[in-house]
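Inspection log for the structure reproduced underneath, given as structure tokens.
The values are calculated or read from the model by the stated rules, or taken from the named source; none is laboratory data. Since the model is a prediction, treat every value here as computed from it, not as a measurement. Note that each Cβ is placed from the backbone with ideal geometry, even for glycine, and that neighbours are counted across all protein chains shown.
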Amino acid sequence: MIHYLLLERVSIGSWEHLIPILIGIVISVFSISFSKRKLSLEQQQNFFKIFGWFVSLFVIAFHLYFIFFDSYDIQKDLPLYLCSFIAVLIPIFTNYRNYLIYEILVFWIIAGTLQGVITPDIEEGFPTFDYFRYWIVHLGLLIIIFYATFVFGMTPKLKSVFKSFLALQVYLILMICINWLLDSNYFYLNEKPKSASLLDYFGEWPIYILIVQLLLLPYFLVIYVPFYLSEKRMKLFRK
């Protein structure tokens with residue numbers, strides 16, 4: 001298992017929780033605003049690629065460090081939790097800006113990553129490597145999806161909701177198989193996270209898994225509503 005300093009778990013509402021969020025908001029607003037006003041399309045694309053590689057390589061460096069210089073437990077430490085999984089592969093999206101990948105990720109990131117920002121699951125706080133990894137992954141992914149939306153004008157359609165949901169079922173099946181092989185708890189399929197989370201309101205295992213599955217489509221539809229309203233508004237302005 002990855003070794004941590006004897007620091008306390010990050011609590012909701014603490015400065016270790018709120019300050020990174022404020023920094024992430026500032027970076028997101030500034031990068032989107034600056035890119036739209038000052039950068040050419042090529043420069044926007046290059047920034048997008050570089051930012052994607054930064055997030056991915058930071059996660060890879062984190063795992064390589066603990067593989068070679070500390071203890072590493074494949075039952076707990078592989079980058080297979082949803083946000084880390086996305087972060088490792090995010091350069092595929094930032095390099096090619098494939099619309100199908102966007103359709104899938106926009107709901108995964110807003111639904112899952114945003115929940116991770118609101119209720120952080122960080123074993124040890126500032127200034128541990130894991131603390132920085134957690135915030136770079138979660139806030140970085142949100143910045144990437146917002147950048148794609150507001151700078152490149154990518155928006156999901158109604159059918160994107162169902163594509164994203166089906167893709168998540170594939171990931172779910174993959175994690176069930178891996179958890180069975182490794183006796184692990186990736187995607188929290190065998191046990192809820194130890195820190196406070198929305199799952200605490202959904203009962204014990206396996207009830208919370210069933211409830212989340214039932215709520216996913218309505219949740220994705222709620223996320224889609226602002227995109228739908230924005231598209232309708234744009235059509236009205238074009239008339």
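Take residue 170 and decide whether it is at pLDDT 95 or above and either under 19 Å from residue 80 (Cα atoms) or surrounded by 15 or more Cβ atoms within 10 Å (Cβ to Cβ) (or both). Against the criterion (at pLDDT 95 or above and either under 19 Å from residue 80 (Cα atoms) or surrounded by 15 or more Cβ atoms within 10 Å (Cβ to Cβ) (or both)), residue 170 qualifies. Counting only residues that are part of a helix (DSSP H, G or I) and farther than 22 Å from residue 50 by Cβ, region 109-128 holds 8 of them.
Remark: pairs (first residue in region 157-185, in contact (Cβ under 8 Å) with a residue 12 or more places away in the chain; second residue assigned to a helix (DSSP H, G or I) and among the polar types (S, T, N, Q); Cβ separation under 7 Å; 6+ apart in sequence or on different chains) = 185/179. Residue count for region 175-207, restricted to those that are aliphatic (A, V, I, L, M) and either in contact with a Gly (Cβ under 6 Å, 6 or more places away or on another chain) or part of a loop (DSSP other than H, G, I, E, B) (or both): 2. Candidates are the residues of region 116-131 that are under 27 Å from residue 158 (Cβ atoms) and buried (at least 18 other Cβ atoms within 10 Å of the Cβ); the one that is modelled with the highest pLDDT is 117. With respect to residue 156, determine if the residue is farther than 26 Å from residue 91 by Cβ, outside any helix (DSSP H, G or I) and either of a type outside the set (Val, Ile, Thr) or more than 19 Å from the chain's Cα centre (by Cα) (or both). When the stated conditions are applied, residue 156 does not pass them. On the stretch given as region 54-77, residues that are within 30 Å of residue 181 (Cβ to Cβ) and part of a helix (DSSP H, G or I) total 15.
The residues listed here are 104, 86, 92; of these, the one that is among the β-branched types (Val, Ile, Thr) and touching a Ser or Thr at 6+ places or on another chain (Cβ under 7 Å) is 104.
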